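Working notes, structure below.
The values are calculated or read from the model by the stated rules, or taken from the named source; none is laboratory data. Computed from a prediction, not measured in an experiment: that's the story for all the values here. Please note: Cβ atoms are built from the backbone with ideal geometry, for glycine as well, and neighbour counts cover all protein chains shown.
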Amino acid sequence: MKENKTSTSDQGKIDKKSTLETTTPGQNDTIFLTESDLAQRWSVSVKLLQKLRCSGDGIPFVRIGKRAIRYDRRDVILHESNRRRQNTSEEG
């Protein structure tokens, strides 16, 4: 995996690019999203993702240790694809 790329702005601040933008995965590499990553991607709160996990209505996740929750990017993309609709009358 490549390291995060950084660039220095005129004000001396460091702008870090997202790991997701700078990583080039191989065939067998898995990219995980944090709760915050997924919440931002879907424009929802982290709390909503937590509620969906507890109720069993959320997408599959991986628990690392006691607290760290990660979502496999492939599961996220599959979930998004399965929820695509042409109009509001479609079931799903």
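Annotations for the structure displayed:
- Pairs where the first residue, in the range 55-81, is within 17 Å of residue 43 (Cα to Cα) and without any contact (Cβ under 8 Å) to a residue 60 or more places away in the chain and the second is among the charged types (D, E, K, R) and outside any strand (DSSP E or B), C-beta under 7 Å, 6+ apart: 59/75
- Residues of the range 28-39 classified as assigned to a helix (DSSP H, G or I) and surrounded by 13 or more Cβ atoms within 10 Å (Cβ to Cβ), total: 4
- Qualifying positions in the range 51-92 - out of contact with any strand residue (DSSP E or B) (no Cβ under 8 Å at 6 or more places or on another chain) and in a helix (DSSP H, G or I): 51, 52, 54, 55, 74, 75, 77, 78, 79, 80, 81, 82
- Matching residues, the range 47-65, being of a type in the set (A, V, I, L, M) and farther than 23 Å from residue 30 by Cβ: 48
- Residues within the range 40-50 that are among the β-branched types (Val, Ile, Thr) and either modelled with pLDDT under 95 or part of a loop (DSSP other than H, G, I, E, B) (or both), tallied: 1
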